[in-house]
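Below: one structure, written as structure tokens.
Nothing in this text is a laboratory measurement; each read-out follows from the coordinates by a stated rule. Worth saying up front: this structure is predicted, and the values here are computed from it rather than measured. For neighbour counting, all protein chains shown are included, and Cβ atoms are generated from backbone atoms with ideal geometry for every residue, glycine included.
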Amino acid sequence: MVLGVGDLGASAQPGAIVKTYALGSCIAVVVLDKKTRCVGMVHVALPDSATSPEKAKGLPGYFADTGIPALFDAMRKVAGGVLSPPADLIVKICGGANIADKNNVFDIGKRNALAIKKKQWKYGLTPKAEDCGGNYPRTVAVHQANGLVELSSPNKPNWKL
């Protein structure tokens, strides 16, 4: 399953891979439910849906505040209506780079990461691993079988979370 900006997806199918390409200031939030073996990802572009409530209705994954709950709903649907308690969820976040804002005027990457962490804290979650910041794009793939997150970026060796 391939996700674009603002997309989210979940799968409990054995061997499934959920992937998104070229995260810049956007953040990929990856969640693995250890009990149901469901994995999900959301490609968040902006921190707050108040900037565009209409867009949030049609594309909730575009925003941190609406994307996290929408991801949990998607995971529940593919896992037979169940989402495990926070202790059984593994969360990883990636992205939040400073690509086009060299003077840090908008600092969208940092604002996205903070908004995502704040929303996760409300659910009693903290990321088990993260790879955020820098000035390079990331492609992110998560494997349903084990929750392994693989990252790649041009001119860098691939790495894992």
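Net charge dipole, the stretch 2-160: roughly 260 debye, given to the nearest 20, about the Cα centre with Cβ charges of +1 for Lys and Arg and -1 for Asp and Glu.
Net charge of the neighbourhood of Ala141, taken over other residues with C-beta under 11 Å away and scored Lys/Arg +1, Asp/Glu -1, is +2. When the alpha carbon gyration tensor of the chain is reduced to an equivalent ellipsoid, its three semi-axes come out at 23, 18, 13 angstrom, largest first. Look at the Cα gyration tensor of the stretch 29-103: its axes a ≥ b ≥ c give a/c of at least 1.5 with a/b at or below b/c, and that counts as oblate. Each Cα pair under 8 Å and six or more residues apart adds its separation to the average, and for the chain the resulting relative contact order is 29 percent.
Compute the acute angle (0 to 90°) between the alpha-carbon long axis of helix 64-78 and the principal axis of greatest extent of the alpha-carbon atoms of the chain; round to the nearest 10°. So the inclination is approximately 30 degrees. For n ≥ 4 DSSP H runs only, could you compute -39500 (n - 2.57) per run for the chain, divide by its residues and tell me the 222 nm figure to the nearest 500? Calculated at 222 nm, the ellipticity per residue is -7000 deg cm²/dmol.
Ranked for footprinting exposure by Cβ neighbours inside 10 Å, fewest first, Arg138, Arg76 give Arg76, Arg138. For the chain, the longest principal axis of the alpha carbon atoms and the long axis of helix 108-122 meet at an angle near 30°.
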